[in-house]
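The values are calculated or read from the model by the stated rules, or taken from the named source; none is laboratory data. Just so we're clear, the structure is a prediction, and the values are computed from it rather than from any experiment. Note that each Cβ is placed from the backbone with ideal geometry, even for glycine, and that neighbours are counted across all protein chains shown. Only protein heavy atoms, including side chains, enter the accessible area calculation; ligands, DNA and RNA are left aside. Shrake-Rupley method; radii C 1.70, N 1.55, O 1.52, S 1.80 Å.
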Amino acid sequence: MNSTSPTIAATLIPGDGIGPEITEATLEVLDALGAPFVWDRQVAGMAGVNACGDPLPPACLDSIRSTRLALKGPLETPIGGGYRSSNVRLREEFKLYANLRPARTIVPGGRYDDIDLVLVRENNEGLYMGYEHFIPIDGDPHAVGMSTGINTRQGCRRIVHFAFDYAIRKGRKKVTVVHKANIMKALTGIFLETARQIHEAEYAGRIEFEEVIVDACAMKLVMNPWQFDVLVTTNLFGDILSDEIAGLVGGLGMAPGANIGEHAAIFEAVHGSAPDIAGKGIANPIALMLAAAMMLDHVERPDLGDRLRAAIDATLNTDQVRTGDLGGKATTREFAAALVKRIQASA
Ligand code: NAI
């Protein structure tokens, strides 16, 4: 890094399983790029349980409270012991209301080429608020299962604004609001109604806007994904559709995600800790690297984010260096070394 560049404090959570391996590879690459981050390393997930009996230790939360910025490897939620998912706790704690999931074709020749979609998912409300219970009848404790979803006007406004502002800032052409207001007239009706109002009042003429019902959207994404650009939707639909769009570009192995809120932003690989290959040095580090590129965009260094994305493209497609999941033979370290060379060549 240039010694005069300002530095940015950020929390680093290497995570579990393959997390530390892909994190080391990502740090190497960020160093080569001259990224401005100064890392405060913290543990969470199983590493947090092993270190201090908590999958989200107070020191980790304090660090994010202070830096408001984190890069996070995959976290294992210990089964049993009544632990709640650290990922869900982080979303709630820092009100990370926007989940941003881009899907872009990097390795051509898959089922679909030239995919470039972004899904904006509301991350805090809807049917994922956990207001659930069973009603016992006639000795069956689970005779009825109930769940209550909540979407607020404020929550809808926040995410719809986020989607429009993001789309305009990135030079995108269209925002599609995905809903099921024909059936869930209150829960997703409020989302559609708010999106219409906000578009009309603030964005009409600045960007194209369309509405699509979630089931039709799922089909259209498979039949002709190129008709979409930026999609914005509620929590449950967003969870499902974001995995669907990851599938269009070859699965979760290359999918980054950002969780953005008022008090912090946390960037992560979408995949889990891959315990089946952990410690073997063969994991594909690209998803975490792409998450780091989103983090560079977020701190207003899109120049570095773009250089990183371009170098990943060149390493995969020109140099043909790929990890096993992409049909190659490179180890995590070999891929990182080839990428560092590409980055140095682009300086
Ligand atoms: P997973 O994503 O860890 O693994 C699914 C399959 O994909 C495995 O065969 C794995 O080897 C492969 N895979 C995943 N990432 C890869 C990579 N970078 N390179 C090469 N191959 C890769 O999903 P699974 O097995 O369901 O979950 C394992 C653990 O991860 C669980 O404890 C789960 O709770 C946690 N998890 C954490 C997430 C997070 O922190 N964001 C997200 C998803 C799961």
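Of all the numbered requirements in (1) open to solvent by 20 Å² or more (accessible area, probe 1.4 Å); (2) of a type in the set (A, V, I, L, M); (3) touching a residue at least 60 places away in the same chain (Cβ under 8 Å), ILE168 misses one, and that requirement is (3). Scanning the range 174-197 turns up no residue that is open to solvent by 30 Å² or more (accessible area, probe 1.4 Å), closer than 26 Å to HIS298 by Cα and either modelled with pLDDT of 95 or more or outside the structural domain of ILE240 (by TED's automatic domain parsing) (or both). Of everything listed in (1) within 16 Å of the ligand (Cβ to nearest atom); (2) under 20 Å from ILE286 (Cα atoms); (3) open to solvent by 70 Å² or more (accessible area, probe 1.4 Å), the single unmet condition for ASP31 is (1).
Scan the range 150-180 for residues that are under 30 Å from ILE115 (Cβ atoms) and in a strand (DSSP E or B) and the total you get is 6.
Taking the range 242-347 and the helices (runs of 4 or more DSSP H) fully enclosed by it, the elements with 1 or more residues that are within 12 Å of the ligand (Cβ to nearest atom) and buried (at least 16 other Cβ atoms within 10 Å of the Cβ) are at 286-298, 332-345. Annotation for the range 197-205: at least one member residue is among the hydrophobic types (A, V, I, L, M, F, W, C), in a helix (DSSP H, G or I) and touching a helix residue (DSSP H, G or I) at 6+ places or on another chain (Cβ under 8 Å).
Consider the range 34-47 and keep the residues that are touching a Lys or Arg at 6+ places or on another chain (Cβ under 9 Å) and away from the ligand (no atom under 11 Å from the Cβ). The one that is farthest from ILE343 (Cα to Cα) is PRO36. Checked against the criterion of being within 14 Å of the ligand (Cβ to nearest atom), among the aliphatic types (A, V, I, L, M) and not assigned by TED's automatic domain parsing to the domain that holds ILE8, the candidates VAL120, VAL107 yield just one match: VAL107. Only one of the listed residues (ARG111, ARG121, ARG65) is modelled with pLDDT of 95 or more, under 30 Å from ASN224 (Cα atoms) and within 24 Å of the chain's Cα centre (by Cα). That residue is ARG121. The residues in the range 85-104 that are away from the ligand (no atom under 16 Å from the Cβ) and not in a strand (DSSP E or B) can be counted, and the count is 2. The residues listed here are ILE79, ILE64; of these, the one that is in contact with a Phe, Trp or Tyr (Cβ under 7 Å, 6 or more places away or on another chain) and either away from the ligand (no atom under 12 Å from the Cβ) or open to solvent by 80 Å² or more (accessible area, probe 1.4 Å) (or both) is ILE64.
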